[in-house]
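Derivation of every value follows stated rules applied to the coordinates shown; laboratory data play no part. Note that the structure is a prediction, hence the values are computed from the model and not measured. Note that we place each Cβ from the backbone using ideal geometry, even for glycine, and neighbour counts take in every protein chain shown.
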Amino acid sequence: MKYEITLIKSINGAKPNQIKTAKALGLKKLGDTVVKEENEAIRGMIITIAHLVKVVEK
């Protein structure tokens with residue numbers, strides 16, 4: 001299974017670890033979308049920035 005992750009809120013003002021997590025996923029600006037394979041690391045990253053992203057299972 002894959003996750004389609006879209007940044008829906010700005011990372012400006014977010015905690016430093018949340019900013020690093022978003023950038024590690026490849027999300028740099030509002031509206032950016034990436035598709036990532038499901039695994040524990042990706043799920044943990046999504047949980048860290050859940051309030052900033054929209055996730056759709058593919």
**OP:** Collect the residues in the range 38-49 that are surrounded by 11 or more Cβ atoms within 10 Å (Cβ to Cβ) and farther than 15 Å from Met1 by Cβ, keeping them in residue-number order.
**Re:** Met45, Thr48, Ile49
Original post:
Consider Ser10 against the criteria (1) out of contact with any helix residue (DSSP H, G or I) (no Cβ under 9 Å at 6 or more places or on another chain); (2) surrounded by 13 or more Cβ atoms within 10 Å (Cβ to Cβ): it satisfies all of them except one. Which criterion is unmet?
Top reply: (2)
Original post:
Within the range 27-51, which residues are closer than 11 Å to Ser10 by Cα and of a type in the set (Lys, Arg)?
Top reply: Lys28, Lys29
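Just to verify a result, which residue in the range 25-37, among those that are of a type outside the set (Ser, Thr, Tyr) and surrounded by 13 or more Cβ atoms within 10 Å (Cβ to Cβ), is farthest from Glu57 (Cα to Cα)? So that I can check it myself, show each step before the final result.
Keep residues of the range 25-37 that are of a type outside the set (Ser, Thr, Tyr), which gives 25-32, 34-37.
Those still in the list that are surrounded by 13 or more Cβ atoms within 10 Å (Cβ to Cβ) too: 25-27, 30, 32, 34, 36.
Working: Leu25: 16, Gly26: 17, Leu27: 17, Leu30: 20, Asp32: 16, Val34: 12, Lys36: 10 Å.
Among those that are of a type outside the set (Ser, Thr, Tyr) and surrounded by 13 or more Cβ atoms within 10 Å (Cβ to Cβ), it is Leu30.
Please go through the range 13-58 and give me each residue that is among the acidic types (Asp, Glu) and in contact (Cβ under 8 Å) with a residue 12 or more places away in the chain, ordered by number. Break it down stepwise before answering.
Quick first cut of the range 13-58, residues among the acidic types (Asp, Glu) only: 32, 37-38, 40, 57.
Of everything in the range 13-58, those that are among the acidic types (Asp, Glu) and in contact (Cβ under 8 Å) with a residue 12 or more places away in the chain turn out to be Asp32, Glu37, Glu38, Glu57.
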